[in-house]
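The values are calculated or read from the model by the stated rules, or taken from the named source; none is laboratory data. Treat the numbers as computed from the prediction; the structure is a model and nothing was measured. Counting neighbours? That spans all protein chains shown, and the Cβs are built from the backbone with ideal geometry, glycine included.
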Ligand SMILES: C[S@@+](CC[C@H](N)C(=O)[O-])C[C@H]1O[C@@H](n2cnc3c(N)ncnc32)[C@H](O)[C@@H]1O
């Protein structure tokens with residue numbers, strides 16, 4: 001074990017842990033994982049590609065079943081223009097392009113986007129699968145430029161309501177008349193509503209390539225139906241302290257349907273548990289398919 005340098009650095013981290021607010025403020029400290037941090041993004045990419053679990057991206061077998069399902073839900077065909085919002089490493093985007101769609105994927109994870117671009121080249125779809133490295137809250141899309149859009153794996157929940165409203169309105173405008181959007185969100189009734197704490201140590205993982213101590217806390221804020229996770233990580237080699245707050249806003253089915261209608265979607269179909277698609281965690285999710293107004 002390496003000699004610890006700068007005892008005060010460790011002490012500072014420990015005092016920050018000791019002095020933490022009892023419950024984190026919703027949306028404090030960004031309220032999201034540091035996906036756009038280059039080192040974190042590189043480490044997270046390993047998790048996206050790890051076929052032993054589906055925590056960051058679903059495993060290939062499940063992804064292909066989802067893509068089959070999305071193909072019909074979104075009424076896709078060869079030449080359909082598809083927008084993949086928070087596309088991660090492009091595992092869906094590239095497969096949709098391979099099946100004949102023109103896909104634009106947007107995500108702010110640098111390693112994820114770089115991987116998606118390489119994968120598109122490897123699969124020879126680089127001319128029909130484009131990736132944009134950007135925070136989706138700053139994306140500016142041309143009106144009526146897509147036939148369909150996906151916003152999957154619960155990512156809408158990591159944004160405050162006001163951001164959700166403006167993201168949905170922008171996506172609705174970017175879709176042609178009768179265009180379709182798929183949103184996948186955690187089922188509010190199935191979300192774990194218990195507070196908990198846990199800890200572990202490791203030598204390498206999502207939180208770094210050096211020995212670290214991870215202290216986790218989970219809070220359920222019943223009044224606003226939100227879960228907050230706080231991760232406090234102490235790098236044991238240099239004492240560096242990292243504090244991450246991850247907020248997940250849950251929505252009742254009625255309130256999400258209302259929000260989609262408020263943003264310009266007319267028919268909203270609701271599919272609990274992926275409508276029977278056999279994903280290992282399907283029961284935890286609800287899929288919403290919204291359609292924009294027919295102009296004729
Ligand atoms: C759980 S991953 C899912 C990725 C992809 N949809 C999939 O299932 O493979 C969530 C993704 O959302 C992206 N993300 C989160 N917040 C974002 C933001 N504000 N702007 C752009 N991308 C964001 C992350 O970088 C990450 O790639």
Item to check | Test for residue 122: is it farther than 25 Å from residue 288 by Cα, surrounded by fewer than 20 Cβ atoms within 10 Å (Cβ to Cβ) and within 10 Å of the ligand (Cβ to nearest atom) | outcome: no
Checklist entry - Looking only at residues in region 25-50 that are more than 21 Å from residue 203 (Cα to Cα) and surrounded by 16 or more Cβ atoms within 10 Å (Cβ to Cβ), which one is farthest from the ligand (Cβ to nearest atom)? => result 27
Checklist entry - In region 51-65, what count of residues is obtained for those that are part of a helix (DSSP H, G or I) and near the ligand (Cβ under 9 Å from one of its atoms)? => result 1
Next on the checklist: Being in contact with a helix residue (DSSP H, G or I) (Cβ under 9 Å, 6 or more places away or on another chain), more than 30 Å from residue 43 (Cβ to Cβ) and in the same structural domain as residue 181 (by TED's automatic domain parsing) is true for just one of 282, 273. Which residue is that?
Outcome noted: 273
Item to check | Residue tally, condition within 9 Å of the ligand (Cβ to nearest atom) and assigned to a loop (DSSP other than H, G, I, E, B), over region 93-119 | outcome: 2
Checklist outcome for this item: Among the residues of region 2-27, the number that are assigned to a helix (DSSP H, G or I) and either touching a strand residue (DSSP E or B) at 6+ places or on another chain (Cβ under 6 Å) or on the phi > 0 side of the Ramachandran plot (or both) is 3
Checklist entry - Among the residues of region 142-190, which ones are touching a strand residue (DSSP E or B) at 6+ places or on another chain (Cβ under 7 Å), without any contact (Cβ under 8 Å) to a residue 60 or more places away in the chain and away from the ligand (no atom under 14 Å from the Cβ)? => result 144
Checklist entry - Among the listed residues 189, 163, 147, 143, which satisfies the condition of being in a loop (DSSP other than H, G, I, E, B) and either surrounded by fewer than 18 Cβ atoms within 10 Å (Cβ to Cβ) or in the same structural domain as residue 72 (by TED's automatic domain parsing) (or both)? => result 143
Item to check | Filtered residue count, region 71-92, keeping only those that are closer than 17 Å to residue 125 by Cβ and more than 9 Å from the ligand (Cβ to nearest atom) | outcome: 9
Next on the checklist: Condition check: in the same structural domain as residue 171 (by TED's automatic domain parsing), farther than 26 Å from residue 282 by Cβ and in contact with a helix residue (DSSP H, G or I) (Cβ under 7 Å, 6 or more places away or on another chain). Does residue 137 satisfy that?
Outcome noted: yes
